[in-house]
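Asks: Let me give you the structure first, and then I'll get to my questions.
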Protein chains: 2
Amino acid sequence: MTATLSLVSIGPGSLDQLTFQAMTAIREAEVVVGYKSYLRLIEPLLAGKAVEGSGMRQELERCSTAYRWAQSGKQTVLISSGDVGVYGMAGPAYEVLLQAGWRPGSGVTVVVIPGVSALNACAALVGAPLTHDFCAISLSDLLTPWPVIQKRLEAAAQADFVTALYNPKSSKRTTQIVEAQRIFLAHRLPTTPVAVVTAAFRPEARILLTDLAHMTDPAIDMETTVLIGNASSFVQAGLMVTPRGYGNKYDLKTAGLSLNPVPSDPDCGAG
Amino acid sequence: MTATLSLVSIGPGSLDQLTFQAMTAIREAEVVVGYKSYLRLIEPLLAGKAVEGSGMRQELERCSTAYRWAQSGKQTVLISSGDVGVYGMAGPAYEVLLQAGWRPGSGVTVVVIPGVSALNACAALVGAPLTHDFCAISLSDLLTPWPVIQKRLEAAAQADFVTALYNPKSSKRTTQIVEAQRIFLAHRLPTTPVAVVTAAFRPEARILLTDLAHMTDPAIDMETTVLIGNASSFVQAGLMVTPRGYGNKYDLKTAGLSLNPVPSDPDCGAG
């Protein structure tokens, strides 16, 4: 009667962005629970399983539904798009389970399976914008007071973080992205590169490179991630790149033209 | 004579954390280039391929080596651990290629394949710490002046970001993590949860939950990621969780005990 509840990251949307661990968990599941639109993204994997789809306002219900299926002894998967741990269902799921008295090691086993978050996916499609310090900020103010979000935007802008804006705009929520732009313009040049990526790795994907002055011009919706570069980010040949710092210290030209060892950083985190 | 150079994320270290796209690129490659220790992580995939391993100070050389193999017509993969776009080789690779005169659409095709970065991997192992706004800061000051890093630490601390510290400490670089702790203690309670995760998803993985007051006590090295919670993060039953905000607005207890629909946020980004 004990089973595993796997909180599974399905990545940005195409099946080849799932990890093997995620794919295995879904294949072995008897029950898959998720937001309807995300279940559609993994439809080829769902044959023969009980599937519990629900709508956008039912995150907590999905958590309790998944928990009950696992309690009943079924191998259960609860999915999130992107990474289940990044603005995803891992948080609400643990909150609901702990509140319901669940504890690790007693009854249901819970596993979090990480994945490719929107910021990783979008970065890959536009070049290498996240090669230096970055932050992720959700512009949705329904569960977070706007002054908190505003403070984070200010901090990110003034400390020169590359910044990924999640949930930048919805049909009802349209002013936050304009305010974010205003805050960044107070600290960064209008020519700072900005990538606006919608539905990354899906057939309908849209990828746009623009700049801070024009970042609110393209169509932006809840499937969009906006990546604002730092003061060193540049666009060249249609690619957005944030230098890691090598260019300051070493002769990139030599590196590009020579096979001799080039001195670099033993400690830089790139590998 | 034209080939693809794939910049491939191999994830935190175990093969089941690779995406299908990453695995396919490696399987189809004739040449695999990478840092020796990371090549070892994917050794079972390398049979029959030309393998170019090099050491820690040779990031730029690896980029030019990989580019030359691709120019010679070989399907080539350049690997990074974690996500190739997050403090990884995608940045230096594009910098070297652009400097060498490469342009998209001319000759070598370059593809970035995203993956599971250290912060996603570590978060999955400790609970759900990244369910709200977060930032990543590298403490390596070899390519970034320390005052820039310090400013980012200050900004992250005062604006209450969950914070992932990359490259927290090496054998030669030991003071930065202490300074980071000092900066955070000026803005957050000493009891703020901190996760210290080393070699996530590898056989030698070490996972420790501690708090801000004690975060420099555990062994920390270049394979460690340190996750500092925000003011709402909590530890319960050995899990570190950052609430998304649901708990403030809705009755989690009801959600955990009932299958009735629970009102939630149409716009929260969790799905």
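Please treat every number below as a calculation from the coordinates, not as lab data. Bear in mind the structure is a predicted one, so any value in this text is a computation, not a measurement. With ideal geometry, Cβ positions are generated from the backbone for all residues, glycine too; neighbour counts draw on all protein chains shown.
Asks: Indicate, rounded to the nearest 5 percent, the antiparallel portion of the DSSP beta bridges found entirely in segment B:119-251.
Replies: Expressed as a percentage, antiparallel bridges in segment B:119-251 total about 70.
Asks: At 222 nm, what value in deg cm²/dmol follows for chain A if DSSP H runs of at least 4 each add -39500 (n - 2.57) and the sum is divided by all its residues, to the nearest 500?
Replies: -8500 deg cm²/dmol
Asks: When you look at the Cβ of every residue in B:22-31, what mean number of other chain Cβ atoms sits within 10 Å?
Replies: Other-chain Cβ atoms within 10 Å of each residue's Cβ, averaged: 1.
Asks: In peptide B:199-208, how many Cβ atoms from other protein chains are near each Cβ within 10 Å, on average?
Replies: Averaged over the peptide's residues, the number is 0.
Asks: While we're here: I'd like to know which of B:Leu45, B:Leu185, B:Leu7 lies farthest towards the positive end of the charge dipole of the protein assembly as shown, counting +1 on Cβ of Lys and Arg and -1 on Cβ of Asp and Glu.
Replies: Comparing the listed Cα positions along the dipole, B:Leu45 ranks first.
Asks: Using the Cα atoms of chain A, I'd like the radius of gyration and the largest Cα-Cα distance, Dmax, both in angstrom.
Replies: 20.9, 64
Asks: Turning to a different aspect of this structure: Once you average over the residues of B:60-66, how many Cβ atoms of partner chains fall within 10 Å of each Cβ?
Replies: Per residue, the number of nearby Cβ atoms from other chains is 6 on average.
Asks: Okay, moving on. Give me the one-decimal nm value for the distance between modelled label points at A:Asp217 and A:Thr24, 7 Å along each residue's Cα-to-Cβ direction.
Replies: The answer from the label model is 4.8 nm.
Asks: Among B:Glu95, A:Glu30, what is the fewest-to-most ranking by other Cβ atoms within 10 Å?
Replies: Lowest to highest Cβ neighbour count: A:Glu30, B:Glu95.
Asks: Continuing with this model, one more query. Calculate, for A:Thr210 and A:Ser106, the FRET efficiency according to 1/(1 + (r/R0)^6) with r their C-beta to C-beta distance and R0 56 Å; round to the nearest 0.05.
Replies: With a Förster radius of 56 Å, E is 0.60.
Asks: Which whole-number percent gives the relative contact order of segment B:119-251, counting Cα pairs below 8 Å spaced six or more residues apart?
Replies: 31 percent
Asks: In nm, what does the list of distances from A:Thr191 to its counterparts in the other copies look like, shortest first, when each label sits 7 Å along Cα to Cβ?
Replies: Ordered by distance, the counterparts are at 5.2 nm.
Asks: Treating only the Cβ of Lys, Arg, Asp and Glu as charged (+1, +1, -1, -1), what charge dipole size does segment B:1-154 show about its Cα centre? Round to the nearest 20 debye.
Replies: In total the dipole reaches around 300 debye.
Asks: Let me ask another. Treating the point 7 Å from Cα along Cα-beta-carbon as the label, what are the nm separations from B:Gly73 to the other copies, to one decimal?
Replies: Values, ascending and in nm: 6.2.
Asks: What is the set of long-range amide H partners of B:Tyr166 at a cut-off below 5 Å, with H atoms built 1.01 Å from backbone N?
Replies: B:Ile137, B:Ser138, B:Leu139
Asks: First measure r as the distance between the Cβ atoms of A:Thr2 and A:Ala47, then evaluate 1/(1 + (r/R0)^6) with R0 = 35 Å and state the FRET efficiency to the nearest 0.05.
Replies: FRET efficiency, A:Thr2 to A:Ala47: 0.85.
Asks: Which value, in debye to the nearest 20, gives the size of the charge dipole of the protein assembly as shown about its Cα centre, when Lys and Arg are +1 and Asp and Glu are -1 at the Cβ?
Replies: Computed about the Cα centre, the dipole is about 120 debye.
Asks: Another one. For segment B:5-80, count the residues as N, evaluate 2.2 N^0.38 Å, and divide the Cα radius of gyration by that value, please.
Replies: Normalised by 2.2 N^0.38 Å, the Cα Rg of segment B:5-80 equals 0.98.
Asks: Have a look at the DSSP beta bridges in the protein assembly as shown and tell me what percent are antiparallel, nearest 5.
Replies: Percentage antiparallel, nearest 5: 45.
Asks: Same structure, new question: Taking the Cα centroid of segment B:101-127 and of segment B:181-215, what is the distance between the two, rounded to the nearest whole Å?
Replies: The distance from the Cα centre of segment B:101-127 to that of segment B:181-215 comes to 26 Å.
Asks: Then there's this: Label-to-label distances across copies for B:Ser37, with labels 7 Å out along Cα→Cβ, in nm, shortest first?
Replies: Those label-point separations list as 4.1 nm.
Asks: Which entries of B:Lys36/B:Lys151; A:Lys36/A:Lys74; A:Lys36/A:Lys169; A:Lys151/A:Lys172 have Cα-Cα distances beyond 29 Å here?
Replies: Where the Cα-Cα span goes over 29 Å, the pairs concerned are B:Lys36/B:Lys151.
Asks: Which order do B:Phe234, A:Phe161 fall in if you start with the one that has the fewest other Cβ atoms within 10 Å?
Replies: The fewest-first ordering by Cβ neighbours comes to B:Phe234, A:Phe161.
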